[in-house]
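Visitor: So that we are looking at the same thing, I have put the structure below in structure tokens.
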Amino acid sequence: MAAGKAAFIYSPELEKFSYPPDHPFNTVRAKKTRNLAKSLDMLEGDARIEIPPEPADRLVLKKFHTARYLHALQQASKGKWDAEALHMGIGTSDCPIFKGLFDYAVLATGASITAAKLIGSGDAHVAFNPSGGYHHAFPERAAGFCYINDVVLACIILAEEQKKVLYLDVDVHHGDGVVFAFYDRSDVMTISFHQNPRTLFPGTGFEDEIGTGRGTGYCVNVPLPMGTYDQAYLEAFEQIAMPLIRAYNPDVFVFELGADALAQDPLANLRLTNNVYVDIINHLLSFDRPILMTGGGGYNVENTVRAWTLAWAVLCGAYSDDDINIALGGVMLESTEWHGGLRDRNLPVTKQQKDTVAPALNATICSIKKSVFPIHGIIAKST
């Protein structure tokens, strides 16, 4: 593989596994994203390639997870489940046991590890694992539909290569497992934009959670009011994330692109369109650093598939608003809601929305600028 490639990480083996039928997490999203991207000729060419992952090696898994937990997870996958496993979050309604559970989690994690190795070696400049983004898993606890924390492991692998890692999480839920992993470290900065934890799982991610010890100021949480819309979100991103990225000057980005912050997601209360993701990715690309992107949440399947396909198109350089194939994306998805292409329609913003969201978000921005910016030598401008 030549340097500068865009790598889409996927294997049909992932299609063999699924959460129970009544569970919100639907693994078909990755398959649909891959198929739509392929139908739009986004997986081939001189600059793009599709790569199958290898299952994550147990030694790699143990860089974050305990041997006891991995054993319990593997045993539960074989039908051997006990009270100790339940205490670890295995077999709950959020993290149920299903056929092939361990094999699926290890392969999905392996896809992010594959991406990290490609980027670390310089064989790829950007990589996307739509089956990744399990940011709620802890060393010895499954939580929030997540069993093995692939994004933590990807960050660890990159950090072990002496790379400064900027982990950006735009999932609507706070990436608590990732924050736990790096809360006292400065070689991985975590920035998370998520719905206010007072109103949503997992109940963490307030703006005063800024790290400890060497990690003080390297954990940044931006809680968002319910009803947050594109313009307000982007203003917060540009005022908080952009100055911090410039000051931190990372060697690589790990980007968890949960699509559950989109309007109409059944598990959350933000009002974004996927146009926000285009702007964010373009901001990241402007730094000319490698980007490892993963999937994450997103429980309106068709909206999630369109968002991820659009994000991949921008990331790998295949996107153009004038491209008729991209414009046909909505039709190919057979969505009954929007046939205008991969981009969402703009959503109207009410005066009540603005009056509710703007003051709360401005207060959060001011708080972060006051507590975190001075640590990085950033002179805060008034909002």
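The values are calculated or read from the model by the stated rules, or taken from the named source; none is laboratory data. The structure displayed is predicted, hence computed values, not measured ones. Please note: Cβ atoms are built from the backbone with ideal geometry, for glycine as well, and neighbour counts cover all protein chains shown.
Visitor: Looking at (1) outside any helix (DSSP H, G or I); (2) under 17 Å from Leu36 (Cβ atoms); (3) of a type outside the set (Gly, Ala, Ser); (4) modelled with pLDDT of 95 or more, can you tell me which one Glu334 breaks?
Guide: Unmet condition: (4).
Visitor: Report those strands (runs of 3 or more DSSP E) wholly inside region 214-302 carrying at least 2 residues which are touching a helix residue (DSSP H, G or I) at 6+ places or on another chain (Cβ under 8 Å) and among the aromatic types (Phe, Trp, Tyr).
Guide: Where strands (runs of 3 or more DSSP E) fall fully within region 214-302 and carry at least 2 residues being touching a helix residue (DSSP H, G or I) at 6+ places or on another chain (Cβ under 8 Å) and among the aromatic types (Phe, Trp, Tyr), they are 252-256.
Visitor: Using beta carbons and a limit of 6 Å, which pairs, at least six apart or on different chains, have the first residue in region 305-316 and within 9 Å of Leu342 (Cα to Cα) and crowded, with 24+ Cβ neighbours inside 10 Å and the second one modelled with pLDDT of 95 or more and of a type in the set (Asp, Glu)?
Guide: none
Visitor: Which residue, of Tyr69, Tyr147, is modelled with pLDDT of 95 or more and within 18 Å of Ala30 (Cβ to Cβ)?
Guide: None of the others qualify; the one that does is Tyr147.
Visitor: Looking at region 71-102, which of the residues that are in contact with a helix residue (DSSP H, G or I) (Cβ under 7 Å, 6 or more places away or on another chain) and in contact (Cβ under 8 Å) with a residue 60 or more places away in the chain is nearest to Glu140 (Cα to Cα)?
Guide: The residue in question is Leu73.
Visitor: Take the residues of region 16-44 that are of a type in the set (D, E, K, R) and either closer than 23 Å to Gly100 by Cα or in contact with a Gly (Cβ under 7 Å, 6 or more places away or on another chain) (or both): which is surrounded by the fewest Cβ atoms within 10 Å (Cβ to Cβ)?
Guide: Among those that are of a type in the set (D, E, K, R) and either closer than 23 Å to Gly100 by Cα or in contact with a Gly (Cβ under 7 Å, 6 or more places away or on another chain) (or both), it is Asp22.
Visitor: Restricting attention to region 197-216, which residues are in contact (Cβ under 8 Å) with a residue 40 or more places away in the chain, of a type outside the set (A, V, I, L, M) and either over 20 Å from Pro250 (Cα atoms) or buried (at least 19 other Cβ atoms within 10 Å of the Cβ) (or both)?
Guide: Result: Thr199, Phe201, Pro202, Glu207, Asp208.
Visitor: Could you list all residues from region 347-383 that are part of a loop (DSSP other than H, G, I, E, B) and either surrounded by 11 or more Cβ atoms within 10 Å (Cβ to Cβ) or at pLDDT 95 or above (or both)?
Guide: Within region 347-383, Leu347, Pro348, Val349, Thr350, Val372, Gly377, Ile378, Ala380, Thr383 meet the criteria.
Visitor: Another one. Is it the case that some residue within region 152-167 is in contact with an Asp or Glu (Cβ under 8 Å, 6 or more places away or on another chain), crowded, with 24+ Cβ neighbours inside 10 Å and free of Cβ contacts under 8 Å to residues at least 40 places away in the same chain?
Guide: Looking through region 152-167, none of the residues is in contact with an Asp or Glu (Cβ under 8 Å, 6 or more places away or on another chain), crowded, with 24+ Cβ neighbours inside 10 Å and free of Cβ contacts under 8 Å to residues at least 40 places away in the same chain.
Visitor: Taking the conditions exactly as written (over 24 Å from Asp171 (Cα atoms), within 22 Å of the chain's Cα centre (by Cα) and at pLDDT below 95), does Lys78 satisfy them or not?
Guide: No, not satisfied.
Visitor: Out of all the residues in region 301-314, is one or more more than 22 Å from the chain's Cα centre (by Cα), closer than 20 Å to Asp279 by Cα and either polar (S, T, N, Q) or modelled with pLDDT of 95 or more (or both)?
Guide: no
Visitor: Out of region 3-12, which residues are of a type outside the set (A, V, I, L, M) and either assigned to a loop (DSSP other than H, G, I, E, B) or surrounded by 14 or more Cβ atoms within 10 Å (Cβ to Cβ) (or both)?
Guide: Gly4, Lys5, Phe8, Tyr10, Ser11
Visitor: Please go through region 184-229 and give me each residue that is within 26 Å of Gln162 (Cβ to Cβ) and out of contact with any Asp or Glu (no Cβ under 8 Å at 6 or more places or on another chain), ordered by number.
Guide: Asp184, Arg185, Ser186, Asp187, Val188, Met189, Ile210, Thr216, Gly217, Tyr218, Val220
Visitor: If I ask for residues that are farther than 14 Å from Val178 by Cα and under 13 Å from the mean Cα position of the chain (by Cα), which ones from region 128-158 would you list?
Guide: Those that are farther than 14 Å from Val178 by Cα and under 13 Å from the mean Cα position of the chain (by Cα): Phe128, Asn129, Pro130, Ser131.
Visitor: Oh, and also: Looking at (1) in a loop (DSSP other than H, G, I, E, B); (2) aromatic (Phe, Trp, Tyr); (3) surrounded by fewer than 24 Cβ atoms within 10 Å (Cβ to Cβ), can you tell me which one Phe102 breaks?
Guide: Of (1) in a loop (DSSP other than H, G, I, E, B); (2) aromatic (Phe, Trp, Tyr); (3) surrounded by fewer than 24 Cβ atoms within 10 Å (Cβ to Cβ), only one is false for Phe102: (1).
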